[in-house]
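Laboratory data are not the source of any read-out in this text; all were calculated from the coordinates shown. Values in this document were obtained by computation on a predicted structure and should not be read as measured data. With ideal geometry, Cβ positions are generated from the backbone for all residues, glycine too; neighbour counts draw on all protein chains shown.
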Amino acid sequence: MTSDGRPTTVDDAGEAAKPPKTSGRRAQTRALVLPETMTVQYLAEVLNQNPIDVIKQLMRNGIMASMNQVVEYKVATLVSTALGVRTSMAEGPTAAKGPAAKKGAASKKAATKEDEADLVLRPPVITVLGHVDHGKTSLLDSIKNSNVAEGEIGGITQHIGAYQVESDGHPITFLDTPGHAAFTAIRARGARVTDIAVLVVAADDGIMPQTLEAINHAKAAEVPIVVAINKMDLPGADPERVKRQLSEQELLVEDWGGDVISVDVSAKTGAGIDTLLENLLLVAEIAELKANPNKRAEGVVIEAKLDRKRGPSTTVLVQDGTLKIGDFIVAGAAFGRVKAMANDKGEPVQSVLPGYPAEVLGFGSVPEAGDQLIVTTSEREGRAMAEASGKTRSVQSGQGRALTLEEVVNQVDADEIKELNLVIKADVQGSVEAVRGALERMVDEDAIVRILHSASGAVTESDILLASASKAIVISFSIGSEPSAERLADRMGVEIRHYDIIYQLIDDVEKALHGMLDPVYTEIIVGRAEVREVFEGRRGTQIAGCRVSEGRMVRNGDVRVMRDGAVVEDSIITSLRHFREEVNEMNAGTECGIILQGFNDFQEGDILEVHRQERGRR
Ligand code: GDP
């Protein structure tokens, strides 16, 4: 490491070395040493890539990061691996080489300390979950009203998708869209929003199928649950039965010797609401929810709509940093600059702190709920990120979010995952239990099976969302899927494996756990182009003047160079030009200039073949 924390190569013996420039897959023989954390810009520099391309590569892996954002080594490897660059992390003997390394380590420590000093407590963000008609909406309304000063009731309430109340002077943020479908949909987009889930159970009805789903969705998200036993005003209210039923779901409430808080409430009369709020603050305090308001904002889009007069209006929950008027913002495929902001009471605000929601005006188009919001350094950067995100979404939405069983196998093999997450659906409850029982008995030293949810009935959209959010595979036994669920699974890249024979199911899962299932990949040829002319570019780089003969050429696409029917090189298209302009794609029948990474031996008549792998489905 050099004094400014730049990485050097492994065989650098402590002398000041410049960041190595990588020049392609073949040329890369030494591993590039990267620090534990680095900015995206820095990563681009050492990989000799345009930062925007690095940002796009991160997006393909479901990570939104701006140029100045700090990423961890593991994240950086997603980019380097895609470029065929071997890396290792600066640690142990390498990092210790030379006095410069020590300096780097010291400054890193100082930076961490400084960050810690910047951290302040932020309000908790709460989502209300539970079975239909158990009173989720009523509870949210009751909480909102309990906090409105006399005289304001019945006044104009803003519906921006989130609101805040105070308990004992401490703010608490509630998301206004109850239910686990919304909760998991946002999580499936890669955002973690909720700090605490309030599970509403009607005291007269007890635990119902959607209560179970809600419990499993909250558990999969590893979000603490606070139970609100509602409708206590009804004569048939039986809170003890609810508590017993909860215990059967491994949710032991305090009365039963557990640590799950449960509060008796009535959304109708308002009884118990104050106690519920106090307990939410208690759980928040234990969770020590902190954020750093002294940096650029990061957040998530909760709701977005097109207002005919004001343009795109977006409710954003700020999760870290402070969002200010004038900030350049990007969320999914939308970008812009903050023109105006209002809090949940409709009052204009200049800045928004972590844990607070706000309505934001200034996006050029409407982002989607669940899109992560970040502040960029310039409009140009925002535009490039938005464009890249739009592309990624249309071409391969869901990539990087879900896994197939084959991919799990590879990752178990590579020691990257230790858990195989499953959602199980079967025709009848008896089969659910049989499948569950068989899978739970499976133990392997490499990985364990974790069943996120199991129920009887067809595979639903909610199952797909849960699987997507938790990188799980859906196993359906002797039952089909709802057509809408199949479509969603396709869109989100979630694998549904159908089985009719239990031994086959067990066999496949067992093989997966042992890292032995044979992967099924099909190669898709995206397009072919013929090299018509070879031009010499700068610094020995060759530009192939091509004509696209079929399909399309894609910038950053994997490509092989074919000569006389044999592969002479595997590489990546680093530059794709139409005349002088850099473009993302060129279709059949057009002519373009192509530069490949690390390959400068083109011959006229070479065929460039862009390809990608598509995983097979059962
Ligand atoms: P959601 O589907 O979970 O959002 O349930 P709602 O909030 O729409 O409530 C369903 C029904 O239960 C409505 O008719 C409410 O008026 C009623 N309800 C909700 N909370 C209470 C309560 O605490 N007591 C009584 N008696 N009724 C309630």
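Structure data summary
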{"item": "Cα→Cβ-extended label distance, 7 Å offset, between T137 and A434, nm", "result": "4.1 nm"}
{"item": "Charge dipole (debye, nearest 20) of the range 188-308; +1 at Cβ of Lys and Arg, -1 at Cβ of Asp and Glu", "result": "700 debye"}
{"item": "Using a Förster distance of 22 Å, the FRET efficiency for A566-V534 (Cβ separation, nearest 0.05)", "result": "0.75"}
{"item": "Förster-model FRET efficiency, 60 Å R0, E72 and L234, C-beta, rounded to 0.05", "result": "0.70"}
{"item": "Alpha carbon centroid spacing (whole Å) that separates the range 539-618 from the range 260-286", "result": "61 Å"}
{"item": "Lysine pairs meeting the criterion (Cα under 29 Å, 8 or more apart or interchain), as found in the range 208-367", "result": "24"}
{"item": "Point-to-point label distance, D168-I607, nm (Cα→Cβ direction, 7 Å offset)", "result": "7.4 nm"}
{"item": "Fully extended contour minus Cα-Cα distance, from R580 to E45, at 0.36 nm per residue", "result": "190.2 nm"}
